[in-house]
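**Q** Mind having a look at this structure? Questions to follow.
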Amino acid sequence: MITVRFAPSPTGKLHFGSLRTAIFNYLFTKKNQGKLILRIEDTDNSRVKKEYIDVILEFFEYLNINFDQIYFQSSRFDIYKQYLIKLWEENKIYPCFCSQEKLKKEREEALKKGISYKYPGYCRNIPKEEAIKRINNGEPHIFRFKLSENREDIEFNDLVYGRINFSIEELDDFALTRSDGSFLYNFTAVIDDHLMGITHIIRGEDHISNTPKQILLYEAFGWEYPTFVHIPMILNSEKKKLSKRDPKFAIEDDFRKKYIPEAVINFVSLMGWAPKGNKGGDGFFTIEQLIREFDIDGIKRKPVIFDRNKLNYLNKKHIRNLDSNKIFYYIEREFKEHISDIERNKILTLIELLKVRVSYLYDFVEHFGYLRADFIVDERYESILPEDILEDYKNLLKTISEDEFKDDKFLEKLTRNFVNNIGIKLKDLAKDLRLILTRKETTPPIFSLMSLIGKHEIIRRLEYYLK
């Protein structure tokens with residue numbers, strides 16, 4: 001079975017780069033009826049925060065993406081320790097007692113000379129008995145991988161970038177642990193990917209440089225390594241690499257209140273991927289279409305430019321095409337306190353009227369206030385029409401039945417006859433009615449709103465305004 005994983009590190013806000021990796025994994029496993037694992041890589045105690053873990057879990061709940069299994073690396077310490085001991089017993093790793101200050105100074109000196117720093121192997125040949133004694137005496141240390149002196153260059157196949165070759169000269173005895181005893185990314189990732197049966201590793205191209213180290217670890221354990229799929233980097237509008245720390249790249253706090261999941265998944269899926277035959281025209285896809293069309297062959301090597309305007313466009317189009325009941329579900333989930341005292345049927349009707357006009361989810365909520373029976377127009381507007389005309393119109397509305405009032409076409413015909421008979425413009429009356437009845441200059445068709453709000457409430461508001 002195809003098994004993939006999304007493995008975020010909760011050391012900062014979720015950003016579009018991580019989100020893109022998750023969506024590609026999600027679409028790939030859905031297309032192939034595989035398994036999707038969420039693995040929280042929370043081994044760095046100095047940087048991990050619970051709030052960032054919560055954000056990750058809540059955000060994928062918002063996207064309606066369910067993981068088959070969820071793991072926390074912080075709870076797998078004993079597993080990693082077991083495999084560390086195994087490699088040490090086989091003399092494939094060794095403890096390093098070099099001070100951080102010493103190595104930092106050497107790196108800085110290499111940087112000044114314009115050369116890449118490689119650990120010289122100071123502790124490589126310390127006898128194991130001596131090393132054990134120093135460890136038992138509490139001497140600070142880390143563990144390093146013992147790179148074979150006769151190792152040939154590392155070459156692997158990537159499903160996007162093809163054959164990739166790394167010269168062994170570029171590698172050194174790389175670290176596997178931190179001085180506090182916690183484990184580093186490459187070590188834990190290899191162990192977990194093997195034990196969890198990961199068949200394809202889909203991740204950003206910035207991880208290509210980690211791949212040779214991971215292949216060395218796979219070989220040291222005697223395991224086959226998964227298929228690698230590296231996806232292109234994301235650039236900003238100036239065609240510079242987007243930083244994880246760039247606030248424009250992060251998922252902002254009000255994101256869920258603006259964008260619906262269908263639009264987010266649609267937008268992110270197109271950041272570095274395109275369907276065969278350039279299907280989709282303007283890029284609009286339902287989630288079902290994306291799952292059907294997604295294929296690794298469609299992932300591009302060329303960097304993609306992050307375009308927030310595209311997300312806004314797709315959000316607007318998805319809102320327009322989405323069933324009103326689904327929109328109601330999203331509104332209730334994000335804005336429950338704003339709709340708890342309004343009839344569901346009225347909200348659904350207003351959603352249907354608004355969804356061709358709004359751009360964001362919270363745009364709907366701004367209109368729900370005038371559906372409430374206690375809505376009061378407590379401001380005076382400079383009416384286009386004299387108040388006696390508004391008074392006459394109110395009295396006309398009193399003469400029609402409740403059933404007639406529910407028919408917006410009847411209301412429109414009645415009102416057209418009224419304005420024609422007294423020689424005023426329909427648009428002027430409509431503008432006054434919008435302000436008086438809703439406090440807004442822009443709304444759905446006024447007669448549709450009047451029939452939705454109801455005869456009794458419309459007359460009450462007119463009377464309140466005219467008193």
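**Q** Of all residues in segment 288-314 being over 16 Å from the mean Cα position of the chain (by Cα) and part of a loop (DSSP other than H, G, I, E, B), which is nearest to Tyr360 (Cα to Cα)?
**A** The selected residue is Phe294.
Residue-wise test of (1) β-branched (Val, Ile, Thr); (2) modelled with pLDDT of 95 or more; (3) not assigned by TED's automatic domain parsing to the domain that holds Phe267.
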site: Ile287; (1), (2), (3): yes, yes, no
site: Ile291; (1), (2), (3): yes, yes, no
site: Ile296; (1), (2), (3): yes, yes, no
site: Ile299; (1), (2), (3): yes, yes, no
site: Asp307; (1), (2), (3): no, no, no
site: His338; (1), (2), (3): no, no, yes
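**Q** Something else now. Could you check Phe410 against (1) in contact (Cβ under 8 Å) with a residue 12 or more places away in the chain; (2) over 16 Å from Leu385 (Cα atoms) and say which number it fails?
**A** (1)
**Q** Moving to a separate point now. List the pairs whose first member sits in segment 94-109 and is assigned to a helix (DSSP H, G or I), whose second member is at pLDDT below 95 and hydroxyl-bearing (Ser, Thr, Tyr), and whose Cβ atoms are under 8 Å apart, counting only residues at least 6 apart or on separate chains?
**A** Listed by first residue and then by second, the contacts come to Gln100/Ser179; Glu106/Tyr117; Arg107/Tyr117.
**Q** With respect to the numbered conditions (1) of a type outside the set (Ser, Thr, Tyr); (2) in contact (Cβ under 8 Å) with a residue 24 or more places away in the chain; (3) not in a helix (DSSP H, G or I), which one is the sole condition not fulfilled by Lys213?
**A** (3)
**Q** Does segment 152-177 hold any residues that are among the charged types (D, E, K, R), free of Cβ contacts under 8 Å to residues at least 24 places away in the same chain and surrounded by 11 or more Cβ atoms within 10 Å (Cβ to Cβ), and which are they?
**A** Step one: of segment 152-177, the residues among the charged types (D, E, K, R) are 152-153, 155, 158, 163, 169-170, 172-173.
Going one step further and asking which of them are free of Cβ contacts under 8 Å to residues at least 24 places away in the same chain, we end up with 152-153, 155, 163, 169.
Listed by number, the residues that qualify are Asp153, Glu155.
**Q** Can you pull out the residues in segment 110-120 that are among the hydrophobic types (A, V, I, L, M, F, W, C) and either touching a residue at least 60 places away in the same chain (Cβ under 8 Å) or out of contact with any Phe, Trp or Tyr (no Cβ under 7 Å at 6 or more places or on another chain) (or both)?
**A** The answer is Leu111, Ile115.
**Q** Okay, next question. Got a sec? Which of Leu27, Leu36 is within 30 Å of Ile234 (Cβ to Cβ), part of a helix (DSSP H, G or I), of a type in the set (A, V, I, L, M) and modelled with pLDDT of 95 or more?
**A** The conditions single out Leu27.
**Q** Kindly indicate the residue of segment 35-59 that is buried (at least 17 other Cβ atoms within 10 Å of the Cβ) and over 23 Å from His207 (Cα atoms) and also nearest to the chain's Cα centre (by Cα) among those meeting that condition.
**A** Restricting to residues being buried (at least 17 other Cβ atoms within 10 Å of the Cβ) and over 23 Å from His207 (Cα atoms), the top hit is Phe59.
**Q** Residues Leu361, Leu433: which one is closer than 30 Å to Tyr329 by Cβ, surrounded by 17 or more Cβ atoms within 10 Å (Cβ to Cβ) and not small (Gly, Ala, Ser)?
**A** Working: Leu433 fails: closer than 30 Å to Tyr329 by Cβ.
After applying the criteria, what remains is Leu361.
**Q** Any idea how many residues of segment 221-240 are touching a residue at least 60 places away in the same chain (Cβ under 8 Å) and closer than 26 Å to Ile2 by Cβ?
**A** 10
**Q** Just need a number here: residues in segment 427-466 that are out of contact with any Lys or Arg (no Cβ under 9 Å at 6 or more places or on another chain) and in a loop (DSSP other than H, G, I, E, B).
**A** So the count comes out to 2.
**Q** I'd like to verify a number: residues in segment 121-150 that are part of a loop (DSSP other than H, G, I, E, B) and either free of Cβ contacts under 8 Å to residues at least 24 places away in the same chain or hydroxyl-bearing (Ser, Thr, Tyr) (or both), how many?
**A** 8
**Q** Only one of these conditions is not met by Arg333: (1) under 23 Å from the mean Cα position of the chain (by Cα); (2) surrounded by 19 or more Cβ atoms within 10 Å (Cβ to Cβ); (3) over 22 Å from Asn25 (Cβ atoms). Which number is it?
**A** In the conditions (1) under 23 Å from the mean Cα position of the chain (by Cα); (2) surrounded by 19 or more Cβ atoms within 10 Å (Cβ to Cβ); (3) over 22 Å from Asn25 (Cβ atoms), Arg333 misses (2) alone.
**Q** Restricting attention to segment 88-111, which residues are farther than 17 Å from Ala175 by Cβ, under 40 Å from the mean Cα position of the chain (by Cα) and loosely packed, with under 10 Cβ neighbours inside 10 Å?
**A** Within segment 88-111, no residue meets the criteria.
**Q** Filter segment 336-362 down to the residues that are assigned to a loop (DSSP other than H, G, I, E, B) and more than 20 Å from the chain's Cα centre (by Cα), then identify the one that is nearest to Leu311 (Cα to Cα).
**A** Val358
**Q** Can you find a residue in segment 366-386 that is of a type in the set (D, E, K, R) and within 30 Å of Glu262 (Cα to Cα)?
**A** Yes: one or more hits.
**Q** Checking Phe285 against (1) surrounded by 15 or more Cβ atoms within 10 Å (Cβ to Cβ); (2) part of a helix (DSSP H, G or I), only one condition comes out false. Which one?
**A** (2)
**Q** While we're on this one: Would you be able to tell me the number of residues in segment 374-412 that are of a type in the set (A, V, I, L, M) and not in a loop (DSSP other than H, G, I, E, B)?
**A** Final tally of qualifying residues: 5.
The values are calculated or read from the model by the stated rules, or taken from the named source; none is laboratory data. Predicted model, so just to flag it, every value in this text is computed and none were measured. All Cβ positions, glycine included, derive from the backbone under ideal geometry; neighbour counts span all protein chains shown.
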